[in-house]
1. State which residue pairs qualify: first residue open to solvent by 10 Å² or more (accessible area, probe 1.4 Å) and inside segment 319-348, second residue part of a helix (DSSP H, G or I) and of a type in the set (Gly, Ala, Ser) in any location, beta carbons under 8 Å apart, and separation of 6 or more residues or different chains.
2. When residue 403 is evaluated against the numbered criteria (1) touching a strand residue (DSSP E or B) at 6+ places or on another chain (Cβ under 8 Å); (2) surrounded by 13 or more Cβ atoms within 10 Å (Cβ to Cβ); (3) not in a strand (DSSP E or B), which criterion, by number, is the only one it fails?
3. Residues that are within 24 Å of the chain's Cα centre (by Cα): find the strands (runs of 3 or more DSSP E) completely inside segment 308-375 holding 2 or more of those.
4. If you scan segment 271-324, which residues turn out to be closer than 25 Å to residue 246 by Cβ and in contact with an Asp or Glu (Cβ under 7 Å, 6 or more places away or on another chain)?
5. May I ask you to verify whether residue 244 is open to solvent by less than 40 Å² (accessible area, probe 1.4 Å) and over 19 Å from residue 577 (Cβ atoms)?
6. If you take the residues of segment 275-303 that are in a strand (DSSP E or B) and aliphatic (A, V, I, L, M), which of them is nearest to residue 340 (Cα to Cα)?
7. Please state which one of 262, 207 is under 30 Å from residue 123 (Cβ atoms) and surrounded by 12 or more Cβ atoms within 10 Å (Cβ to Cβ).
8. In this structure, is residue 603 more than 13 Å from the ligand (Cβ to nearest atom), in contact (Cβ under 8 Å) with a residue 40 or more places away in the chain and open to solvent by less than 20 Å² (accessible area, probe 1.4 Å)?
Amino acid sequence: MDHVVALLSVAAWSATGATAAARRGRLALGLLAAAVLVTLARVTTVALLAGRGWWFVQEKLLLNLPMLGAAGLAAVLIAGPRLLAARRAPDAGIPASAVVLPLTAGYGALAGLAVTFLAGYPLTWSTALIAGSLVGGGALLTARVVAAPVDTTGYADIASAQAPHGTPGFSRRRFIGLAGGAVVAGAGTTGVGLLFLPADSADTGGGPGWSSSSGPGASVADLRGPGAPAPGGTRRQYLLTAQTATVRLPSGREIKAWTYNGQLPGPPITATEGDLIEVTLRNTDIDDGVTLHWHGYDVPCGEDGAPGVTQHVVAPGEAFVYRFRADQVGTYWYHTHQASHLGVRRGLYGTLVVTPRGQQASTGRLDLTLPVHTFDGIGVIADQDGRTEHTAPAGTDVRLRLINTDSVPHRFALAGTPFRVTAVDGRDLNRPGEVSEAGLRLPAGGRYDLVFAMPDTPVALVLDNDHAGGLRLRPDDHAGAVGEGTAVEDTSGWPELDLLRYGTPAAVPFDADSRADRHFTIVLDRGVAMVDGRPAYGQTVNGRGHPSIPDQLVAEGDLVRFTVANRSLESHPWHLHGHPVLILSRNGTPSSGSPLWVDTFDVRPGEVWEVAFRATNPGIWMNHCHNLPHAHQGMMLRLCYDGVSTPFQGSHTARGGRGHGH
Ligand SMILES: [Cu+2]
């Protein structure tokens, strides 16, 4: 709404100036009144927006409104009376100031809109100087054009009033013009020059800076997983070969895909708590290269699969071995982190599920791992065998592990049974209550585990309100064969379950009142920024794009807090590698249900999330939007532990091309 009102103010002020120039005094006066009203409305919308937080209005309060207000006030105080006078005496003509000042207010409104759309938060001196000089330059140019044809236009009162005797006034006008031009040019040049100042290499979040530029430290290359399972565990070995392949989808269609082992999804990786997972990744013919990133799994940094940060990318013909302990129970997934906006979409992903020890017996239980992925515009949810229909005797304990492997959120609805969301992002919730007739919004990259006892009637898992597709479960004694269509009730109107108010509070190691050692603000927006060395209209973090976003610096043991604000008009599923974060609040409302530990949280337009985590996993970690095209367009940075360096270079390398600390 603020954008619309801002656009209206551009139109109203410009129209005022234009009609005055056309000597339509009465109309100009009416438009002037409208421009004043729209400007006051703008003050209201900005005030409303300010209620969401400083990040949403900073440039509007510091630059846009003052710029518009000053020009608008001058237009009202100077041009207004002259337009009134012109109305009373139409033959006298309309003075130049009545044209120049409203137009200048229009330029100011337009410049403000451009600052909001192109630069955003935070406002810099560079932006302010460039915007101010453009408006000033526009005003001077307009004055020159409007006032020049003194003899013919009839609205040259500036010239006639100020220069009753000709030459002296002309000189003064000329002097003002030259001086104004010099100021405008100086400000503009300074603003452009400031663009080329290098930014700080790191954001310390209010904590100490790099401890030292020399001395011993850890290399991510040495931060590797253990070589053996925990006592009693086994070694689970997998070979994943990245290769292009033609794959038949459950729908019967064939697509050209990028795969692990020729399958979509890749081979499911399963383990029991305490096992050692050992995965050999080979690349046959993925020319962009591949890696394996264990999404949500807090592996040692050297196993994290961030190309150019934790390893070299695996090129065709090369291999890399990942080893880590299956210490976390729950539902996870893996995917390539190289050119992931292409690779994951085309199929370089698979599931990772770790079950508790002593729970292998599967009688009386149905446990389905269900990644959802969009191929050619169609959302597919199916188990590893591509099945979308299952039977289970009534009373069976059912667990559905939903995994969103896409870059956009999906909506699920479970029709036909009450259920519990027992885990989010692999981590169990505390005493989750039974829910029914609720929609579930699963962020990109996120996971929900749904648990229920199979009723003696059919159950349907509805994906994105497609009541014909999705997944069907039937009790085996139910009349009719599997596949026989049963109408599913309309679930599209079901209210969305709010996980911040779901489950029961429990003890947490820190909360919103805890004093954080580091506090980082992450403002998400679109804007003009350098992305991969080129100027682009990218997806930005604090006005910058990868790899030009300063690293976030932490020290081991720090309690770290993030404030994530979304100024843009799209959702951003924020994802930090290597650490789960505890949700503290959303839009100032504290999380009041079960403690919610997640690796991906969806920050919708206008929202502000507060999250915190303990820095207990040393390394250099990617911190990015999991809408993977957004990450590719700049929305990605690194969180670096003091004293950790990287010998690698590649697509995720930060500006300067080196790790810090050495
Ligand atoms: Cu995003």
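The values are calculated or read from the model by the stated rules, or taken from the named source; none is laboratory data. Since we're looking at a predicted model, the values are computed, not measured. Please note: Cβ atoms are built from the backbone with ideal geometry, for glycine as well, and neighbour counts cover all protein chains shown. Note: areas computed on protein heavy atoms with side chains; ligands, DNA, RNA excluded. Shrake-Rupley method; radii C 1.70, N 1.55, O 1.52, S 1.80 Å.
1. Note: pairs meeting the criteria are 340/631; 341/631.
2. (3)
3. Ranges flagged: 330-335, 349-355, 365-375.
4. 283, 316
5. no
6. Of the residues in segment 275-303, the ones in a strand (DSSP E or B) are 276-283, 290, 293-295.
Going one step further and asking which of them are aliphatic (A, V, I, L, M), we end up with 276-277, 279, 281, 290.
Values: 276: 26, 277: 23, 279: 19, 281: 16, 290: 9 Å.
Of everything passing the filter in segment 275-303, 290 is nearest to residue 340 (Cα to Cα).
7. Values: 262 fails: under 30 Å from residue 123 (Cβ atoms).
When all the criteria are applied, what remains is 207.
8. Judged against the criteria, residue 603 is not a match.
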